[in-house]
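Working notes, beginning with the structure itself.
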Amino acid sequence: MAEKNLLDILQELNYRNKKPMNIGYLRTKYLEYIQKSFGTKNLIKVLLWERRSGKSVIMKQLISYLINEKNIQPENILYLDLEQYNLLKEIKNADDLERVVNFYLENIHKEGTVYLFIDEIQLIQNWELYVNGLRANDNKDFEIIISWSNSKLLSWELATRLSWRYISFFIQPFSYEEYIWVTWEVKGIESLAKYLNIWWMPELFSLNDEWLRTNYIKQLNDTIIFKDISSRYWIKDISTLISLYVFLLGNIGNLFSINTIVKKLKSENIETSVPTIWRYLCYFKDAYIFHEVSRYDLIGKKVLEWEKKYYLNDLSFLNYSLSNYVDYNWKKLENFVYNYLIWKGYDVYVWKIGDNEVDFIAEKAGKKIYIQVAYSIPDERVAEREYWNLIKIKDSFPKYVITMDPMNYGVDEYGIIHQQAWNINL
């Protein structure tokens, strides 16, 4: 493309940076984390998310923050959205990217740090060859923020391409706190029950019709299974992949082994194998549909690999994909608590010996907590079941029971703390 046209494109991008942008609800937690990483030029900032979690919006929010809060000149910010047709035509490989950035430096950039945002970077062939060079550039300070689609590039590939010199930020769907801010609902049992049974994905808040939301999730489902996973891995046996997906949806929070899945599918006349199911589970994790939780041996202080639990990254897939499961409120609550824990930065495990199970062991920076989740504790029999497994653990780390009960039961005689789910604070 002629230099004049390229200049027009870059000037238009710069003009957009100057204009007030419709940047949606501020994802404050993520903005604060990413902002704190600025100043570490040797680390590339990578934004990770499942499909339609709002990556472009967060990039625009960061740009707005830099201009309005940090007084960075718009000319020092280059935002390359590779979903724009004009840019995609212009930047196809690392050489093209180098040419465009150099052109920007010569014609638009002012003195100071360059803030380079590249959205959907996986669309550039061999992009890492140039980006790694920028990171190590001694003549110019670059802050490099990239996003990538996990449908085209996986986390282990990213680590290899960037030689492990990056910091990643996993962007989850709307948390309950964010949902409250967006909807202006009152924090409490009613709004949390609604949150558990509708949607968490930011994209769905722009759809004001139930049929549209249901249709959107089903289409997203198909895109992930048939395009992101099946096409990428050349899967011919789609029926087994779908059957595994349905099995996982129906068994959220249940502890089972891969052998258990294989036996269950074979009982339904679906022939498969342990290696096949193991691969398919990895594909679902790579697509950020499910999270995997391993068992933890309290005595040996090690992770046990043979049985695991699986939780959804976004309950939208359960609420809108399989209506038969809409009454699994206790499983949804457990999934909610798991998402809260990873949102807070915990490493999460499950503990089980015989019939005794504690839903979550959560660890972070030397801190350990034990958590039992129950939708409600209507009588002493249920209370004994939920509290007893925590009582058996004799160390001094905090222990919690989390429920949807309207009454807060406080701290019991063993020091176990009851929290209502809408006021969870761990």
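FYI, it's all coordinate maths here, none of it is from the lab. Bear in mind that the values here come from a model prediction, so they are computed numbers and not experimental data. Heads up, the Cβs are rebuilt from the backbone with ideal geometry, glycines too, and the neighbour counts pull from every protein chain shown.
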statement: For region 317-426 the GluC sites (Glu not before Pro) that pass both the DSSP coil test and the at-most-10 other-Cβ-within-10 Å test are Glu413
- request: Calculate the dipole size of region 310-426 relative to its Cα centre from +1 charges on Lys and Arg beta carbons and -1 charges on Asp and Glu beta carbons; express the result in debye to the nearest 20.
  value: 380 debye
query: Label-point separation (nm) for Asn425 and Ile270, each offset 7 Å from Cα along Cα-to-Cβ?
result: 4.4 nm
statement: For the table Lys264/Lys331; Lys352/Lys394; Lys352/Lys399; Lys194/Lys218, the rows whose alpha-carbon distance is greater than 18 Å are Lys264/Lys331; Lys194/Lys218
task: Give the long-range amide H neighbours of Val373: residues separated by 5 or more places, or on another chain, with amide H under 5 Å away, using H modelled in the peptide plane at 1.01 Å from N.
output: Asp359, Ile402
message: Are there any chymotrypsin sites (Phe, Trp or Tyr not before Pro) in region 173-209 that are in a DSSP loop and have at most 16 other Cβ atoms within 10 Å? List them by number.
response: Trp184
- request: Please give the residues of region 205-248, grouped as numeric ranges, whose backbone N is less than 18 Å from a label point set 7 Å along the Cα-to-Cβ vector of Lys263.
  value: 244, 247-248
task: Pop the C-beta distance of Tyr33 and Ala159 into the FRET formula with R0 = 25 Å and round what comes out to the nearest 0.05.
output: 0.80
- request: At most 14 other Cβ atoms within 10 Å and a DSSP loop assignment: could you name the trypsin sites (Lys or Arg not before Pro) in region 69-105 that fit?
  value: Lys70, Lys92
- prompt: Label Asn102 and Glu190 with points 7 Å out from Cα along Cα→Cβ: what is the distance between them in nm?
  reply: 6.4 nm
